[in-house]
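Before any comments, here is the structure.
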Amino acid sequence: MPSKIPDGGQRGWIIPIGGAEEKENDPAILRRFVKLCGGLDADIVVIPTASRLRDTGERYEKLFRELGAGRAEQMDFDTRRDAEEDGRLERLAQATGIFLTGGNQLRITTLLGGTPIAKLIRARNAAGVHVAGTSAGAAVLSEHMIAFGEEGSSPRAGSVRLAPGLGLTNRFIIDQHFRQRDRFGRLSTALAFNPFAIGIGLDEDTAAFIGPDNELEVVGSGAVTVIDANGLQFSSMDQVEERQPVCLLGLTVHVLVAGATFNLHTRRASAGDLSPQKE
């Protein structure tokens, strides 16, 4: 469950990124994250646990420093015991921003799920620290996580498997590399299991900056597809056999690009900066 926001405080930003974010020519997403975390006063902890590439953490350390962060340091975890060490907990408690890299989201949850580090990440976000994740690091941010699934534009029984995420919020379910890997079907299937949540499909090089007021802002070169099942009128999920398509009536779909917004509380989309301004 999400941690309780302290009295008089506000939650930090939650920033899922669809993967393959621009890192060289115009790294708008990473630059805004550094700015939110304090710029020259930013202290960012990079958690590269999802990745098996040895240089992933070092690469993001360098990127954040080049973008003006005062401090950026990786903190990897090879065992669950690592996630209980006092030194790591103390270091994470100092951070103004936490960044989870891409890779395999199940590696994050199996190593960190239920540990003091996972609890601290939730508590720090509730206390105002900003948490971002890209690709697998985006998938784990919510309470309900897509562990794996199949590509395709139609919802099908058995096409997606859900697992518990880190649980910063229970308001949405994330899917990443959305348009590039044709994942509309598996995200809408996930919502058929749990219509309470809102589906957020993130294209590559695209992020959803979700503020303390639950307003989602789009940053990046692609689109964010929002699937809202709150008005679901009918689902055949309980009737179909494995691999069969699922009938879903009453889904609301919004396609947002930079400048558009969506409020996760009111479930209303806005063209925002894209709307023509009257003279």
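The values are calculated or read from the model by the stated rules, or taken from the named source; none is laboratory data. Treat the numbers as computed from the prediction; the structure is a model and nothing was measured. When we count neighbours, we look across all protein chains shown, and the Cβ atoms used for this are built from the backbone with ideal geometry, even at glycine. Heads up: the accessible areas ignore ligands, DNA and RNA and are worked out on the full protein's heavy atoms, side chains in. Shrake-Rupley method; radii C 1.70, N 1.55, O 1.52, S 1.80 Å.
Some notes on this structure:
- The chain, accessible area per residue, ligands and nucleic acids excluded (1.4 Å, Å²): 45 Å²
- DSSP beta bridges in the chain [antiparallel fraction, %, rounded to 5]: 60 percent
- Along its three principal directions, the equivalent ellipsoid of region 1-125 from the Cα gyration tensor extends over semi-axes of 22, 19, 14 Å, largest first.
- Seen from all directions on average, region 225-269 presents a Cα convex hull projection of 4.1 nm².
- Calculated over region 123-279, the projected area of the Cα convex hull averaged across directions stands at 9.8 nm².
- Pairwise Cα inverse-distance average, inverted: Kirkwood Rh of region 28-85 (Å): 11.9 Å
- Calculated on the alpha-carbon coordinates, the convex hull of region 135-211 measures out at 75 cubic angstrom per residue.
- Cα pair count fraction exceeding 30 Å, expressed as % - the chain: 26 percent
- Extent of region 171-262 along its three principal axes (Cα atoms, max minus min coordinate, largest first): 40, 28, 16 Å.
- Burial order of peptide ranges 120-130, 93-103 (average beta-carbon count within 10 Å, highest first): 93-103, 120-130
- Between region 66-117 and region 152-175, the C-alpha centres lie 23 angstrom from each other.
- Scattering profile of region 6-48 at q = 0.27, 0.34 Å⁻¹ [log10 I(q)/I(0), Debye over alpha-carbon scatterers]: -1.17, -1.24
- Extension gain, R59-R91: 0.36 nm per intervening residue step, less the Cα-Cα distance, totals 9.6 nm.
- Helical runs assigned H by DSSP (4 residues or longer) give the chain a calculated mean residue ellipticity at 222 nm of -6000 deg cm²/dmol, each run adding -39500 (n - 2.57) before division by the residue total.
- For the chain, size of Cβ-based charge dipole, Lys and Arg +1, Asp and Glu -1, in debye: 360 debye
- Largest GNM mean-square fluctuation across Q239, Q105, Q176, computed for the chain with C-alpha springs under 10 Å, falls on Q239.
- Accessible carbon and sulfur surface of region 110-194 relative to its total accessible area, %, 1.4 Å: 48 percent
- Carbon/sulfur fraction of accessible area - region 1-96, other protein chains in place, 1.4 Å, %: 45 percent
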